[in-house]
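Read the figures in this text as sums done on the coordinates, not as results from a lab. Values in this document were obtained by computation on a predicted structure and should not be read as measured data. Virtual Cβ from ideal backbone geometry, glycine too; neighbours counted across all protein chains shown.
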């Protein structure tokens, strides 16, 4: 099995970074990315058997790496031009992962409705006409017929001329946003990788799958390990039984969850609902690499959150939404981001001194580019993003507040990914970057600050707070770390990531517009006649924004207090961890549980029990030996439900709906 931070090469020339972004990587990566986009079109828009890009890692990236790894022995004997090195294969994996996310339900599937919904779905009841004058003309087609046929289909070609301006503007904005976060990751790389030596557990999957390509195996090769195939087979059996049950309900199956809360129906115990134990092989498999402290903290705080609601109801405080876990998560994530930035302040200060010529450059061999230029890029990028928002009609104060939340959440999410390796795309305070600034001041105050145009543009950009564009930023940091492990140039990962973003966005524009105009946006993604889930979310956002403008409200004190409590609890946990080295509750575990515990706490509880038993009775040696089995469990789940069922499930109609897996 590949080991992160394994022994380095013996010779100095082997330490020099090698090129990974070769012409064949770009060609093969682009071809596989295009195939991934077509696959997303089939499985997410037309047949809708599974959301391929919702998993971590994205299913198309796993499929691409699996294909390259399995074909390598054949290609190495038949075509040296197509036979990739290990570092090239892993870079293709990252390229497809980042690029395919641009075509996902969290990015382009939200951008298209955000640009057009106020003009097509306007009714007397929802009052969206109030917003139309404030939607920037350069972000949507001017021709009403172009918008109408987007949703109702047309027999003619896609009206690209009407979309050219919006395509350029949205692509530039999203690329700028990703490049800005890319610069921030460079400032975090050295302190996190070299000083704190974070584990980056999610890198085990691509490193293990490609180990042995160049003969550098340290032990049993991944695809020849019987323990890996045992875990793989268990995941396949679990999913196949559930699939057979969806085809014939008479066949018994374990199902995918167990609702513990359904057992408690009397007040106040019924307030513990929802408390569902989900069986998620990917959490169980990759969660095996998560530390015991984090696993313990996640399930303890997740259950504690529901118990707190029971106690509140028992004392007569039956408050809707209590204990406001997502709002607590927002406070926890923001405070963690502030602490993380504070901990790297020396590195940032050194980069600043080098930038202004008052200190020596603090570059490192494994930095994609010098930290001083990364600092300059981050500052210029943030300023450009705020200027773009202001030019669109948003006040600088509102834009600053929004992106303060978004960047804070992104930094903490990156820390969660790099330290714990939790395979969850949605592990951030969902939608809270959009909701919390309004909860803190109230829509009335924001209208006084920026007027209706601020609220409208804010609604247009709401997808950033509930999609997973920012979660893709973690791929940059993981790319730098895997580049160091493979002795590759980190700059290749940075440049390759940017190319993947631009290419992925352009392919996503083509795929979505071509599909919408052919079939009609109202019916794709199982939309019926009123659009799919992403369209309905956008309609609700614009509708609530119009209502806020028509009937402004004040601050939401309960949610504001919950956010403050989340920050306070996190601060207390940090201090206890500093004071008592063996304190079992981890602040990241609390932040994760508050932000998104519903579908992961059960897996963490099981992992905490299993891993504890393995370490107690088998020791560290047994734990390491069993790692391939758990990685195989995750890989088997991704293969069965993400690849095989996504390919054939659509032909089974309603059975495909019953068997569908929602990745986290």
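Values computed for the structure shown
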{"read-out": "Listed peptides 439-449, 154-164, 406-416 by packing density, highest first (mean Cβ within 10 Å)", "value": "406-416, 439-449, 154-164"}
{"read-out": "Centre separation in Å (Cα based) which lies between the stretch 81-130 and the stretch 216-271", "value": "30"}
{"read-out": "Two-decimal ratio, the stretch 169-252, of alpha-carbon radius of gyration to 2.2 N^0.38 Å", "value": "1.79"}
{"read-out": "Percent RCO, i.e. relative contact order, over the chain, from Cα pairs under 8 Å lying at least 6 residues apart", "value": "31"}
{"read-out": "Rounded if a/c under 1.5, otherwise prolate or oblate - the chain, Cα gyration tensor axes", "value": "rounded"}
{"read-out": "Highest-first arrangement of 610-616, 396-402, where packing means the average Cβ count within 10 Å", "value": "396-402, 610-616"}
{"read-out": "Estimated [θ] at 222 nm from DSSP helical runs (n ≥ 4, -39500 (n - 2.57)) normalised by residues in the chain, nearest 500", "value": "-20500 deg cm²/dmol"}
{"read-out": "Over the stretch 114-186, relative contact order from alpha-carbon pairs under 8 Å, at least 6 apart, %", "value": "28"}
{"read-out": "Whether the stretch 482-526 is rounded, prolate or oblate, judged on the alpha carbon gyration tensor where a/c under 1.5 counts as rounded", "value": "prolate"}
{"read-out": "FRET efficiency estimate (nearest 0.05) - Cβ-Cβ, residue 148 to residue 447, R0 41 angstrom", "value": "0.85"}
{"read-out": "Protection proxy ranking of 472-478, 56-62 - average other beta-carbon atoms within 10 Å, highest first", "value": "56-62, 472-478"}
{"read-out": "At R0 = 35 Å, FRET efficiency that the Cβ-Cβ distance of residue 250 and residue 625 yields, to 0.05", "value": "0.30"}
{"read-out": "Net length gained if the chain between residue 572 and residue 76 were fully extended (0.36 nm per residue, minus Cα distance)", "value": "173.0 nm"}
{"read-out": "The stretch 539-627 shape via C-alpha gyration tensor axes, a/c threshold 1.5", "value": "oblate"}
{"read-out": "Over the stretch 262-369, relative contact order from alpha-carbon pairs under 8 Å, at least 6 apart, %", "value": "22"}
{"read-out": "Length gained when the stretch residue 544-residue 195 is fully extended (0.36 nm per residue, less Cα-Cα span)", "value": "121.0 nm"}
